[in-house]
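Engineer: Sharing a structure below in C-alpha cells format, with a few things to ask.
The values are calculated or read from the model by the stated rules, or taken from the named source; none is laboratory data. Just so we're clear, the structure is a prediction, and the values are computed from it rather than from any experiment. We place every Cβ from the backbone using ideal geometry, glycine too, and count neighbours over all the protein chains shown. Surface accessibility is based on the protein's heavy atoms, side chains included, excluding ligands, DNA and RNA. Shrake-Rupley method; radii C 1.70, N 1.55, O 1.52, S 1.80 Å.
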Amino acid sequence: MHISPVLWQFLVKWLNASALFPREASTIAPYADALYFFLLLITVVGLTLVGILIFGFSIRYRKEKHPVAVQVEGSTLLEATWTIIPLALFLIVFVWGALLYFRIYNPPTNAMNIYVVGKQWMWKAEHAGGQHEINALHVPTGIPVQLTMISQDVFHSFSIPDFRVKREVIPGRYSTVWFQATTPGTYHIFCTQYCGTNHSAMIGEVTVLTPDDYAKWTQESTSGMSLAQNGERLFASMGCNACHSGSAAARGPNLAGVYGSKLQLTNGSQVLVNDAYLRDAILNPSQHITAGYAPIMPTYQGQISEDGLIDLVEYIKAMQTNYRVQQTLTTSTSNQAAPTTPGVVKP
Amino acid sequence: MSATSYTIVNLPDQRTATIPKRNYLNNEDGLLSWLFTGDHKRIAILYLISITFFFFIGGAFAGLIRLELLTPQPDLVASDTYNKFFSMHGIVMIFLFLVPSVPATLGNFLIPIMIGAKDLAFPKVNLLSWYLYWIGGLFTMAALVLGGVDTGWTFTTPLSTHYLNTHVVTAATGVFIIGFSSIFTGLNFIVTLHRMRAPGMTWFRLPLFCWSNYAASILMVLGTPVLAITLVLVALERLVGIGVFDPTKGGDPLLFQHLFWFYSHPAVYIMILPGMGVISEVISTFSRKRVFGYTAVAFSSVAIALFGFFVWAHHMFIMGVSNYSALVFSLLTMLVAVPSAIKIFNWAFTLQKGSITFETPMLYAFGFLGLFTIGGMTGVFLGALGMDIHLTETYFIVAHFHFVMVGGMLMAFLAGIHFWWPKMTGRMYPESLSKLAAVTTFIGFNLTFLPQFILGYLGMPRRYHAYPPEFQVLNVLSTAGATVLGVGYMLPLLYLGWSLKYGAIAGNNPWQATGLEWQIQSPPLTENFIETPVVDHEAYDYEWLEHKTAQEVTTVG
C-alpha cells in the first residue's frame, strides 16, 4: 500500500493525538496499524457493498414497484465470483498477518533480556543487573528488549497496547515477547487474561527512557547484586554445588557452559539446554537424567520460587568458564555433551 | 412453469374469525399434560418460556456490568461481585440461551412439520432433554444463589481448579448436564431428518432451516462430549487434584485450552448456524423468491460445520503454540470465513428481482445481514495472526463476539419468533410496535458495541472491573446504548404477551409462505398432518403456491 510519506506522517501525528487511537510507541506499531487500516478498509468496502445490494434491491424490487417476483435459480458465475474474491482477500490478510506475527514474535538475536514474573496480582520485573520492579518496567529506546515471562500461579497475559504487543504468561512455562520502544514516555501494561479477583488492578506502567536516562536509572536502582550473583548464592545455599561441583568425581554433571549446548539423556534423546530446560531439570530432575549419571537428584518443586529459579538459571547461563577445557578434564562425567559453542547456539 | 405465467391472484382473506377449535395448545388441559407431553410443539413452547426466562436473567447481569462500567472507578460493586456478574452473564447466555435458542424452540417446533412428519424421532428423549436443560439450569442457578462463581464462562484452569473458592463444581455440573440436553436435541434432529421425511421430501427439497439445523446438530453431537470430558477433568482436578492441568504435578495448563476450545469454537457455529437457517426462510418469504443458489447455501452450512472443528487453536495464538501451527490454524480460520461470505451474498441476491415487503421479521433479517457482516469481517481481523496479538483479550473481542452472537444470532432468533409467531399461537402481533422494537434493537445494539471496537484497539482489556479514565467516554456511550437495547428487548416480551389474548387471528398462511408448516392450520393439530403429505415441489416454490391457492379459490368458489 503506497501512501505519501508526508501524508503518512501527518496521519500518524493526528492519530497519535487522537483519543480514539492508541499511541505508536514501538517499531512494531506502524506495521500493526498498516494491517489494521487495510482490514478496516476491506470491512468498510464489504459492508458498503452489502448495504448497497440490500438497499438497492429493496428500493428497486419492493412490492409496489415490482409486484411479481421473477424466479432465478442461481448463477454459477456470480457465486464463483463471491467465493473467489473473498477467498483471495482473506489469503492476502492471512499472509500479511503471518508476516506480522513472525515479526512480532521472533526476537532479534541482540535483544536485551528482562525477566517478568506474573502473580496474583502484580507484575514483577527482574533485570539482569539485579534491578527489581513491581508493576513497573523501565526500558531504553532504540534497543530491542526481550521479556522472558512466567506465571507463578494462573494464566496472565502481558500487554502493552501502545507497543501493539501481547503474550500469554503461563504457569510452568517460559514465554517471550520482544519490542523496541521508540518514544520516551509512560505507557500502560495490562494483564489481559482474566486471573481472579483483582484482575483489573493488575496494571503496570512501562517507562521508556532515552539510553542515557536508562543508564542513569540502572545505576541508581541496582540492589548491588545481579541476578546471576543472587543465583550463585542460592546455588550454594541449596547445596547444588555439592554435586554439581564441576570436578571429575562429582555426582552431578558439570554445569559450566551447558547452557545452549545439546545434552545427551539416559533415555537416548538429545535436548537443547535453554531456560525452559534448566527450569524443568531443577523441578523435575527425574525426567531429565543426563547420560552417565544416576537419578539421584531430588526435586526442588515447591522449595524455590519462580524468582529463585530465574536467578539460578541466570547463574547457570553465566557459568561460561572455558567449556572445552572443562570438557576435556571431565570427559568421564559430562562426556555426552555435544560440542557446540556455548552462548552462540540459542533456541 | 415459466417465470411469468402467473399474476398475483386476488386472494380471499385467509384469516378465519376464530382459532381452530382443536389444536395442539388445547388438545389436553392441565399443567401435567404439558409436563409429560411428547408433542414436539409443546416441548418447543416449554423451551421458549425457559430460554426467555434465562435470557432476561443473563440480560440483567449484562445491565449490571454496563452500569458498573459507567465510571472508571470500581464503585458499584466489589471486584469479586463484578467477576461473578460477568461469569454468570456468560454462562447463562451461552449455555442456557444461545446454544438452545433456535434449535430447541423453533427447530423443535418446525423441523417435523417442515419435513411432513408427525413428531421427532424420539419424543420422550426430546422431553428428557428439556428436563436435563432445567436440571442443568437449576445447578447453575444454585451456584449463583449459594454465592456465585467467578471463573468466567470459560472455567480456565488453574484459576478454576486451584485459586477460587466459589461454586465452580456446581456451575460446571450444571453446564455438563445442559450439554447432554444439547446432545439429545442434536441426535433427535439428525435421526428425524434422515428417517422421517415425507414421501417426495428429498434432501434438496428441504427448507434451508432444516439444513442449517442439521449442520448444527452434527456439531452438537460431536463437539459437546469434549466439553463434558473437559468439565469432568476440571471437577476431578479441583476435588481430588489429579493434576492433568497442573504444571506442578506434571500436567499442562495449555491442554485445558485445547480441550475447551475444541468444543467452544464449534459451539459458536452451533449458535449461529440455526440462526442462518431462519434468515434464509425469512428473506425468501418476504421477497417471494427461491433462495439464490440454494445448493451453495445448504452446502456452506455443512462446510462451516466441518471446518468449524479445525480452527480451535486460533483462540491460542498468543499462548505459545508453535509459530507453524499458528500458521495452519490462521489459514483454516480464513477458509471458514468464506462460506459465511458466500451466504451473505446469496441472501442479498435473493432479493434481486423479488417482490419485497418489509414486515417485522424482514427488518430483523436486514439487521442480521448488516451486523453479521461486521461481526464476520472483524473475525477476519482476529484470524490474521499479527493483528490478533494486539486485539485478542480486549474489548475488540467482546464487540466482535457480540456482533456475531447478539447482532447475528439474537436478531435471527427475533426474526424467527416474529415470523413463526402466527403459526405457533394463531395470532398476529401489533405491526407498528414490533417494527419499532426491531429498529430500537438495531440502534441500541450498534450504540452499545461499536464503541467497544475502538476501546479494544485502544487496548482496554476485557473483564475489567475498573479501567483507566481515558476509556470513560466510550464506555458511557456503550452503557447508554445498552439501555436502548434493553428497551428493544422488553418491547417484544410485552406485545407478544399481549397478542396471545388480543392479537388478530392470523390464519393459516399470513405471509403467503411456501413451507409445509404454512399449509396446515394455525396453531397446528397435535398430529401436525391428518394425512402424510406428498411433496411434489422444491422448497420456496412460489409458483407452486400461487397455483395451489388459485386452485383452492376455484374449488371453494
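Engineer: Sequence gap at least 6, Cα distance under 8 Å: using those rules, report the relative contact order of chain B to the nearest whole percent. Don't skip to the answer; put the middle values down first.
Structural biologist: Values: 916 pairs, mean separation 110.4, N = 557.
For chain B, the relative contact order is 20 percent.
Engineer: Rounded to two decimals, what is Rg over Rh for the range B:290-343 when you use alpha-carbon atoms and the Kirkwood radius?
Structural biologist: Numbers: Rg = 13.7 Å, Rh = 12.1 Å.
My calculation puts Rg/Rh at 1.13.
Engineer: Once Lys and Arg get +1 and Asp and Glu get -1 on their Cβ, which of A:Q180, A:G268, A:A250 lies farthest toward the positive end of the dipole of chain A?
Structural biologist: Of the candidates, A:G268 comes out farthest on the positive side.
Engineer: Compute the semi-axes of the equivalent ellipsoid of the protein assembly as shown, taking the square root of 5 times each eigenvalue of the Cα gyration tensor, and list them largest first in whole Å.
Structural biologist: On the way: eigenvalues 667, 168, 122 Å².
Each semi-axis is √(5λ); the values are 58, 29, 25 Å.
Engineer: Per residue, how much accessible area does the range A:145-253 show when a 1.4 Å probe rolls over the protein heavy atoms, in square angstrom? Don't jump to the answer; show the numbers that get you there.
Structural biologist: On the way: 3820 Å² over 109 residues.
Averaged over the residues of the range A:145-253, the accessible area is 35 Å².
Engineer: Give the span of the range A:1-132's Cα atoms along each principal axis, as three whole-Å numbers ordered largest to smallest.
Structural biologist: 81, 36, 32
Engineer: If Rh is defined by the Kirkwood formula over all Cα pairs and Rg also comes from Cα, what ratio Rg/Rh do you get for the range B:383-493? Walk me through the intermediate numbers first.
Structural biologist: Numbers: Rg = 16.8 Å, Rh = 15.4 Å.
That ratio equals 1.09.
Engineer: May I pose another question? With equal scatterers on the alpha carbons only and no solvent term, can you work out the Debye log10 of I(q)/I(0) for the range A:48-199 at 0.18, 0.20 1/Å?
Structural biologist: The calculated log intensity ratios at q = 0.18, 0.20 Å⁻¹ are -1.09, -1.27.
Engineer: Here is a further query. How much accessible area does A:E73 have with a 1.4 Å probe, in Å² rounded to the nearest 10?
Structural biologist: 120
Engineer: Whole number please: convex hull volume per residue of the Cα set in the range A:131-218, in Å³?
Structural biologist: Values: hull volume 7.7 nm³, N = 88.
For the range A:131-218, the hull spanned by Cα atoms encloses 88 Å³ per residue.
Engineer: Also, I was wondering about something else. Beyond 38 Å, what percent of the Cα pairs of chain B remain? Mind dumping the intermediate values first?
Structural biologist: On the way: 41948 of 154846 pairs.
Of all Cα-Cα pairs in chain B, 27 percent lie more than 38 Å apart.
Engineer: Let me ask you something else. Return the average number of partner chain Cβ atoms within 10 angstrom of each residue Cβ along peptide A:71-82.
Structural biologist: Taking all residues of A:71-82 together, the mean is 6.
Engineer: May I pose another question? Find the accessible area per residue for the range B:443-545; the probe is 1.4 Å, ligands and nucleic acids are left out, and the unit is Å². Present the calculation step by step, with values, prior to reporting the outcome.
Structural biologist: Numbers: 3740 Å² over 103 residues.
Averaged over the residues of the range B:443-545, the accessible area is 36 Å².
Engineer: Return the inverse of the average 1/r over all pairs of distinct C-alpha atoms in the range B:92-205, which is the Kirkwood hydrodynamic radius, in Å to one decimal. Present the calculation step by step, with values, prior to reporting the outcome.
Structural biologist: Working: mean 1/r = 0.0642 Å⁻¹.
Result for the range B:92-205, one decimal place: 15.6 Å.
Engineer: So which lysines can A:K317 reach, going by Cα to Cα under 16 Å and dropping same-chain residues fewer than 8 places off?
Structural biologist: Cα-Cα hits under 16 Å: A:K262, A:K346.
Engineer: Working from the pairwise distances between different alpha carbons, so that the mean of 1/r is found and then inverted, what is the range B:97-156's Kirkwood radius in Å?
Structural biologist: Computed over the range B:97-156, the radius equals 13.7 Å.
Engineer: Something else about it: Rounded, prolate or oblate: pick one for the range A:192-243, where a ≥ b ≥ c are the square roots of the eigenvalues of its C-alpha gyration tensor, a/c under 1.5 means rounded, and failing that, prolate if a/b is larger than b/c, else oblate. Can you show the working numbers first?
Structural biologist: Details: a/c = 3.99, a/b = 1.27, b/c = 3.15.
Oblate.
Engineer: About the Cα centre, and with charges only on the beta carbon of Lys, Arg (+1) and Asp, Glu (-1), how big is the dipole of the range B:380-472? Nearest 20 debye, please. All intermediate terms of the calculation are to be shown ahead of the outcome.
Structural biologist: Working: 5 positive and 4 negative charges, 81 e Å.
In debye, rounded to 20, the range B:380-472 gives about 380.
Engineer: For the range B:237-383, what percent of Cα pairs sit more than 20 Å apart? List each step's numbers first, then the result.
Structural biologist: Details: 6044 of 10731 pairs.
Tail of the P(r) past 20 Å holds 56 percent of the pairs.
Engineer: Counting Lys and Arg as +1 and Asp and Glu as -1, each charge on the Cβ, what is the dipole of chain B about the Cα centre in debye, to the nearest 20?
Structural biologist: It comes to approximately 480 debye.
Engineer: Follow-up. At 1.4 Å probe size, with no ligands or nucleic acids counted, give the accessible surface of A:W14 in Å², nearest ten.
Structural biologist: About 150 Å², rounded to the nearest 10.
Engineer: Tell me the relative contact order for chain A as a rounded percent, counting alpha carbon contacts under 8 Å between residues six or more apart.
Structural biologist: Reported relative contact order: 14 percent.
Engineer: Compute the projected area of the convex hull of the Cα atoms of chain A, averaged over all viewing directions, and report it in nm² to one decimal place.
Structural biologist: Values: hull surface 107.1 nm².
Mean projected area for chain A: 26.8 nm², to one decimal.
Engineer: Now a separate question. Put +1 on the Cβ of every Lys and Arg and -1 on every Asp and Glu Cβ in the range B:80-201; which of B:G174, B:I115, B:G186 then has its Cα farthest towards the positive end of the dipole?
Structural biologist: Positive-most Cα among the choices belongs to B:I115.
Engineer: OK, next. Under 17 Å Cα to Cα from B:K343, which lysines show up? Leave out anything in the same chain fewer than 8 places away.
Structural biologist: B:K289
Engineer: Among B:R462, B:R195, A:R251, what's the order by accessible area (1.4 angstrom probe), most exposed first?
Structural biologist: B:R195, A:R251, B:R462
Engineer: Considering every residue in A:151-163, what mean count of other chain Cβ atoms within 10 Å of its Cβ is obtained?
Structural biologist: Numbers: counts 3, 0, 4, 10, 9, 1, 5, 1, 8, 2, 9, 2, 2.
Mean inter-chain Cβ contacts per residue within 10 Å come to 4.
Engineer: Among the listed pairs A:K124/B:K249; B:K118/B:K501; B:K124/B:K548; B:K21/B:K353; B:K118/B:K548, which have their C-alpha atoms separated by more than 30 angstrom in this model?
Structural biologist: Details: A:K124/B:K249 24 Å; B:K118/B:K501 27 Å; B:K124/B:K548 36 Å; B:K21/B:K353 40 Å; B:K118/B:K548 23 Å.
From A:K124/B:K249; B:K118/B:K501; B:K124/B:K548; B:K21/B:K353; B:K118/B:K548, over 30 Å: B:K124/B:K548; B:K21/B:K353.
Engineer: How about B:K84: which aspartates and glutamates have a C-alpha closer than 15 Å to its C-alpha, ignoring those fewer than 8 places off in the same chain?
Structural biologist: In chain and number order, the partners are B:E68, B:D150.
Engineer: A plus B alone minus the pair: what accessible area, both sides summed, probe 1.4 Å, in Å² to 100?
Structural biologist: Values: alone 19530 and 21790 Å², together 33570 Å².
Interface between A and B: roughly 7800 Å².
Engineer: Rounded to the nearest Å, what's the spacing between the alpha carbon centres of the range A:115-176 and the range A:1-78? Just the number, please.
Structural biologist: 36
Engineer: Sticking with this one: Given a 1.4 angstrom probe, I'd like the percentage of the accessible area of chain A that is carbon and sulfur, rounded to a whole number. Before the final figure, lay out each step's value.
Structural biologist: Working: 9710 of 15580 Å².
Percent of accessible area from carbon and sulfur atoms in chain A: 62.
Engineer: For the range A:204-324, what relative contact order do you get, as a whole percent, if you take Cα pairs closer than 8 Å and at least 6 residues apart?
Structural biologist: Working: 133 pairs, mean separation 37.8, N = 121.
Worked out over the range A:204-324, it gives 31 percent.
Engineer: Would you work out which of A:L89, A:I150, A:I59 lies farthest towards the positive end of the dipole of the range A:59-164, given +1 charges on the beta-carbon of Lys and Arg and -1 on that of Asp and Glu, about the Cα centre?
Structural biologist: A:I59
Engineer: Something else now. Only sites in a loop by DSSP and with at most 13 other Cβ atoms within 10 Å count here; which GluC sites (Glu not before Pro) in the range B:485-557 make the cut? Present the calculation step by step, with values, prior to reporting the outcome.
Structural biologist: Details: sites: B:E517, B:E527, B:E531, B:E538, B:E543, B:E546, B:E552; in loops: B:E527, B:E531, B:E538.
Those satisfying the criteria are B:E527, B:E531.
Engineer: Restricting to chain A, compute how many DSSP beta bridges are antiparallel as a %, nearest 5. Could you put the intermediate results ahead of the total?
Structural biologist: On the way: 33 of 47 bridges.
Counting DSSP beta bridges with both partners in chain A, the antiparallel share is about 70 percent.
Engineer: Here is a follow-up. Keeping the other protein chains in place, figure out the carbon and sulfur percent of the accessible area of chain B, with a 1.4 Å probe.
Structural biologist: On the way: 12600 of 17980 Å².
Taking all protein chains in place, chain B shows 70 percent carbon and sulfur surface.
Engineer: Still on this structure, I have one more. Are there any residues in the range A:166-182 with a reduction of at least 30 Å² in accessible surface when going from the isolated chain to the assembly of protein chains? Probe 1.4 Å, please list them by number.
Structural biologist: Residues passing the criterion (a loss of at least 30 Å², heavy atoms only) are A:K166, A:R167, A:E168, A:I170, A:P171, A:R173.
Engineer: Still on this structure, please answer the following. Report, largest value first, the span of the C-alpha coordinates of the range A:161-304 along each principal axis, in whole Å.
Structural biologist: Cα spread of the range A:161-304 along its principal axes, largest to smallest: 54, 35, 28 Å.
Engineer: Under 12 Å from the Cβ of B:T526, count the other residues' Cβ atoms, weight Lys and Arg +1, Asp and Glu -1, and hand me the total. Please list the in-between numbers first.
Structural biologist: Values: positive: B:R22, B:K41, B:R42, B:K118; negative: B:E28, B:D39, B:D119, B:E527.
Value of the local net charge: 0.
Engineer: Here's a follow-up. Taking every residue in B:319-326, how many Cβ atoms of other protein chains lie within 10 Å of its Cβ, on average? Spell out each step's value before the answer.
Structural biologist: Numbers: counts 9, 9, 1, 0, 5, 0, 0, 5.
Whole-number average of other-chain Cβ neighbours for B:319-326 is 4.
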